[in-house]
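Notes for the one structure printed next.
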Amino acid sequence: MKLSHISKLSLAVITSMYSFQAFAESDIPSISVEGTELSDVSSEQVKSADLADALTRNVPSISLIRRSGIANDIILRGQNKDNINILIDDAKIYGACPNRMDPPTSHILTNNIESIEIIEGPYDVENFGTLSGAVKIKTKKPEEDLHGEVSVNLGRWNYQKTAMTLSGGNEKVRGLVSISDESSGQYRDGDGNDFAEQMEDITPSVPNGVKYKNANRNMDAYEKKTFMGKFYFNLIDNHEMAISYTANRSDDVLYPSSKMDALYDDSNILNIDYSIKNIGAFSKQLDFQYYDSDVEHPMSNRYRNVSGPNEQYELISKLTTRIQGFKVKNAFDISSTMEGVIGIDTSKRNWDGEYIGFMTMPTTPPMRMNVTGRTSIDDVDTDNTAIFGELEKRYQDFTLKLGARYDDTSIDPDGTQKSNDYDSFSAFANGTYQFNSTTSFFGGVGKSSRVPDARELYWKAANGRVGGTPDLDDTSNYEIDFGMENNFDNLTIKTSMFYSWLKDFIYFNADSASNNFENIDATIYGFDIGGMYSFTDDLYLDFGLAYQRGKKDKALAGQTDKDLANITPAKINLGLNYDYMPNSSAKMEVIAADTWDNYDEDNGEQKIDSYAIMNLKVRHGLSKHFEITAGLDNVFDKTYAVNNTYKDLILLSDGTGEVIKMNEPGRYYYINASYKF
């Protein structure tokens with residue numbers, strides 16, 4: 001493996017700290033065999049509501065895919081899109097946009113999140129489609145008595161956000177209501193370029209038609225309003241019912257590296273849970289869950305020159321998606337050291353899309369074609385039914401966990417396109433061995449699968465070109481993970497390694513005139529190192545390093561590049577924290593990445609320079625109820641990019657065919673004031 005000076009320096013620092021070898025408990029996020037848990041998210045992540053940004057700052061193995069000022073996507077261990085399972089209170093939501101303008105992480109805000117569990121690897125059998133990892137989000141729960149919080153956040157580039165949460169009740173009935181309103185202007189990169197200027201000044205040969213109109217050059221980047229309501233009922237002993245509803249309303253979200261912007265993005269999540277505890281010898285807890293989520297997402301070229309001065313040639317790509325799911329699971333004790341879970345999981349996802357208006361052909365003069373009524377994704381239903389089970393056995397120093405799942409899935413489009421049926425078996429075994437008071441070892445082996453989505457199977461462009469491939473096989477991930485965790489007086493450190501064999505991995509071939517998706521075999525391997533070192537009780541360093549490499553078994557037909565796309569370079573997160581008084585702390589954070597020099601050039605990726613940025617944050621409690629958080633990101637105003645240009649996404653390109661990459665924000669300052677009672 002080739003590591004640049006950033007990775008070598010990181011390893012040297014961590015190795016030197018490791019030599020202290022003293023044992024104690026620490027305040028870092030809790031770590032399990034499968035992954036990591038982040039707690040107190042709503043209080044800590046106040047910079048913005050963007051969950052993807054918060055995950056990138058806190059988990060080295062997660063990287064950002066920048067699309068806009070909000071609604072960004074993530075990569076986990078070289079995997080993204082449907083290869084990662086995103087769950088909100090165990091409910092699923094999918095974006096409607098085939099170009100990932102509205103990923104699942106965009107439909108929940110950090111101010112409503114209590115904790116996040118990140119599972120790395122195929123170690124989740126309860127949920128459909130966990131191929132290479134899962135992000136399990138838990139939102140705030142209602143509290144007894146009356147509690148509330150009001151916060152106001154202001155930042156550079158006219159960022160404004162207000163949020164309010166009110167919670168209360170008693171042991172029988174409790175409720176929580178949360179609302180927020182957020183907007184921002186276009187950010188500027190380290191060179192001072194806003195969205196329109198990144199498109200024009202950096203790459204002046206981008207076609208004039210996709211540039212922003214003069215009247216729209218200075219539009220806000222987005223507006224977002226949200227509502228979340230949760231109610232808990234314990235009216236009968238050992239029975240609990242929870243009902244929650246989350247609404248997201250985003251308007252005029254600009255996507256400067258794409259050909260279209262989102263006119264609006266509306267989503268709804270309804271979740272109903274019912275639990276019965278201590279039914280008898282064969283049921284410690286019986287859980288029922290029903291969820292129903294939907295997204296409506298029309299994207300348009302309205303703000304671009306190609307739509308004409310009065311939008312008479314506007315093209316809208318309007319898509320909707322909805323998923324309904326039902327799960328029942330029973331947890332039971334077999335003995336004092338063995339417990340199990342069995343369950344049934346079902347879901348139905350619908351995805352539908354059409355074009356409205358005019359497609360402009362790149363001729364001289366331009367020719368307009370009315371494509372109203374053409375479908376992009378033709379009313380596709382994905383039906384899944386599964387059974388699953390888990391067993392955990394605890395010995396004196398060793399814990400073994402086993403899991404298995406069987407899925408039966410059918411995918412049926414409207415019209416004449418081919419239907420598909422899939423069945424798969426997933427399973428894992430992992431364990432933790434407590435070697436002594438300071439050292440534990442863990443390891444696991446597993447296999448999981450995910451079916452193709454409707455875009456990969458059936459998507460069609462406005463001109464009628466078929467981009468989907470209707471006979472794709474489902475993808476399987478065979479993975480081995482192992483590592484160790486050490487807890488010393490001043491140092492906690494976890495080291496983990498993984499090797500993943502991907503069979504029939506769904507991959508985009510940019511050289512295909514149609515049916516761009518195909519199945520390939522590939523491997524991804526890498527390691528993560530993370531932990532915390534305490535200088536004193538109040539001063540400590542948290543650190544993390546992630547590295548991965550990915551290779552196709554063989555290059556695609558007509559290509560020579562065997563590098564796998566979206567395999568981010570080595571990334572390090574370092575944070576020096578000082579808790580200088582109760583409810584008050586300061587943090588200096590460094591996030592750095594190596595040069596991205598292993599990339600899939602045949603499919604649109606390009607070299608991206610290394611970067612290192614510094615962020616500062618102070619959280620000061622003025623009283624028991626009132627606190628202020630102030631921050632300065634990208635202190636030295638660096639110009640840098642974090643995500644590549646894999647042509648799986650439809651991105652703008654210049655006259656040479658090179659795809660435009662979007663730079664990150666330059667120096668950014670913000671202040672957040674909150675009052676809690």
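Run lengths n ≥ 4 of DSSP H only: what is the helix-derived mean residue ellipticity at 222 nm for the chain, with -39500 (n - 2.57) per run over all residues, to the nearest 500? One gets -1000 deg cm²/dmol as the mean residue ellipticity at 222 nm.
For trypsin sites (Lys or Arg not before Pro), the sites in the range 559-639 that DSSP calls loop and that have at most 12 other Cβ atoms within 10 Å are Lys607, Lys624. Remark: spin-label model distance Thr346-Leu632 equals 5.9 nm, labels positioned 7 Å along the Cα→Cβ axis. Among the trypsin sites (Lys or Arg not before Pro) in the range 398-499, those located in a DSSP loop and surrounded by at most 16 other Cβ atoms within 10 Å of their own Cβ are Lys418, Arg465.
So, counting K/R as plus one and D/E as minus one, what does the shell of residues with Cβ under 12 Å around Asp633 add up to? Result for the neighbourhood of Asp633: +3. Taking Lys and Arg as +1 and Asp and Glu as -1, the other residues whose beta-carbon sits under 12 Å from that of Asp561 total -2. Listed by chain and number, the aspartates and glutamates whose C-alpha is less than 16 Å from the C-alpha of Lys284, apart from same-chain residues fewer than 8 away, are Asp237, Glu240, Asp333, Glu339, Glu390, Glu392. Of all aspartates and glutamates in the structure, those lying under 12 Å Cα to Cα from Lys138, and not within fewer than 8 positions of it along the same chain, are Glu37, Asp40, Asp89, Asp90, Glu114, Glu117. Among the trypsin sites (Lys or Arg not before Pro) in the range 50-110, none sits in a DSSP loop with a Cβ that has at most 13 other Cβ atoms within 10 Å.
No lab work stands behind these numbers, since they all come straight from the coordinates. What you see is a predicted model, and the numbers here were worked out from it, not measured in a lab. Positions of Cβ are backbone-derived with ideal geometry, glycine not excepted, and every protein chain shown enters the neighbour counts.
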